[in-house]
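Working notes, structure below.
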């Protein structure tokens with residue numbers, strides 16, 4: 001077997017056997033490089049962290065470990081039943097490894113599980129949303145202010161628009177001509193900023209996952225029940241409307257977020273209803289009326305904002321999201337805008353679903 005210096009070094013750092021070492025990509029993350037490190041019957045998930053996105057990786061790890069510790073206490077008290085993704089220290093008790101101009105960390109491998117990139121059924125959507133609801137409930141007595149803002153202004157739409165306009169002015173690769181209609185569409189959505197500002201002071205600050213994509217929830221291979229909420233990298237202070245909106249964005253379309261089959265990109269109302277039911281059920285005794293009412297805005301904002309970010313990155317030369325080809329970010333942006341348009345078209349129906357389930 002051809003030797004892999006990275007695999008061998010990480011195996012030594014984490015005290016794995018030195019026989020039959022392998023390192024293979026897993027997952028579909030946009031930011032970090034995620035690999036499965038195996039040595040005989042031992043396995044770890046290792047990640048090369050994107051230090052352009054996370055310039056202070058030690059703060060990322062500190063956040064995640066605070067969440068781990070809080071969830072572990074809840075689990076020990078019978079108040080949280082899902083598996084907990086945990087950081088693994090090196091044999092020298094470090095949680096970060098610098099090697100070959102990269103920064104790596106290791107996480108426990110949660111076996112007997114699988115993830116999905118596209119929701120296949122109503123029950124699957126409700127199960128995943130319920131898991132994120134359980135996660136939110138377990139953290140509702142955790143002080144959000146303890147968490148570092150590892151990506152400042154992550155869900156700050158006003159800032160995202162400012163970054164978009166700056167990139168439009170610079171237009172470094174002259175790509176604006178390829179997407180002028182998309183640019184004009186984005187600029188016409190700036191009313192969303194005012195809608196968000198109107199919420200200031202009306203809803204509580206919460207410790208949020210901030211990346212509640214369907215593939216950040218693991219299902220149990222044997223039962224198809226929820227097994228674990230994963231990827232705690234963007235756990236920061238925030239609002240539940242963003243976590244709810246990100247579920248809508250990633251659960252509701254029958255197409256993956258980079259699909260170019262735009263005629264089939266739409267909100268499946270039955271999946272939307274399953275998200276509402278699944279997410280709200282664990283939170284029913286702690287969620288405020290204002291938070292419930294904010295979910296409609298979250299539905300709109302999260303779908304539009306990620307499209308805006310994809311388009312910004314495309315015009316800027318693809319410096320943030322990992323891409324597979326030249327127009328990948330543009331295709332992602334158009335996919336999200338198609339979903340956003342369908343959300344707006346179905347406003348009456350989706351709002352009614354929210355009212356029924358709230």
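Structural remarks
- Checked against the criteria, residue 234 counts as modelled with pLDDT under 95, under 18 Å from residue 133 (Cα atoms) and surrounded by 22 or more Cβ atoms within 10 Å (Cβ to Cβ).
- Count of the range 25-56 residues, restricted to those that are under 14 Å from residue 98 (Cα atoms) and outside any loop (DSSP other than H, G, I, E, B), is 3.
- Qualifying residue in the range 162-180 (condition: more than 17 Å from the chain's Cα centre (by Cα) and within 20 Å of residue 236 (Cβ to Cβ)): yes
- Residue check for residue 158: surrounded by fewer than 16 Cβ atoms within 10 Å (Cβ to Cβ), in contact with a helix residue (DSSP H, G or I) (Cβ under 8 Å, 6 or more places away or on another chain) and not in a loop (DSSP other than H, G, I, E, B): yes
- Qualifying residue in the range 254-266 (condition: surrounded by 22 or more Cβ atoms within 10 Å (Cβ to Cβ), under 21 Å from residue 215 (Cα atoms), more than 19 Å from the chain's Cα centre (by Cα) and modelled with pLDDT of 95 or more): yes
- Which listed residue, of 244, 304, 321, is surrounded by 24 or more Cβ atoms within 10 Å (Cβ to Cβ), closer than 30 Å to residue 171 by Cβ and either in contact (Cβ under 8 Å) with a residue 40 or more places away in the chain or outside the structural domain of residue 140 (by TED's automatic domain parsing) (or both): 304
- Some residue of the range 39-54 being touching a residue at least 12 places away in the same chain (Cβ under 8 Å) and at positive phi: yes
- Residue match in the range 113-125 (condition: under 20 Å from the mean Cα position of the chain (by Cα), outside any loop (DSSP other than H, G, I, E, B) and at pLDDT 95 or above): yes
- Hits in the range 144-155 - residues which are in contact (Cβ under 8 Å) with a residue 12 or more places away in the chain and either out of contact with any strand residue (DSSP E or B) (no Cβ under 8 Å at 6 or more places or on another chain) or assigned to a helix (DSSP H, G or I) (or both): 144, 145, 146
- Complete set of residues in the range 74-101 that are over 22 Å from the mean Cα position of the chain (by Cα), more than 23 Å from residue 42 (Cβ to Cβ) and surrounded by 13 or more Cβ atoms within 10 Å (Cβ to Cβ): 74, 75, 79
- Test result for residue 121, without any contact (Cβ under 8 Å) to a residue 24 or more places away in the chain and touching a helix residue (DSSP H, G or I) at 6+ places or on another chain (Cβ under 9 Å): yes
- Within the range 191-207, residues that are on the phi < 0 side of the Ramachandran plot have Cβ atoms under 7 Å from residues that are surrounded by fewer than 16 Cβ atoms within 10 Å (Cβ to Cβ) in these pairs: 193/158; 202/290; 203/288; 203/290; 204/288, counting only partners at least 6 apart in sequence or on another chain.
The values are calculated or read from the model by the stated rules, or taken from the named source; none is laboratory data. This is a predicted model, so every value here is computed, not measured. Quick reminder, even Gly has a Cβ in these numbers, built from the backbone with ideal geometry, and neighbours come from all protein chains shown.
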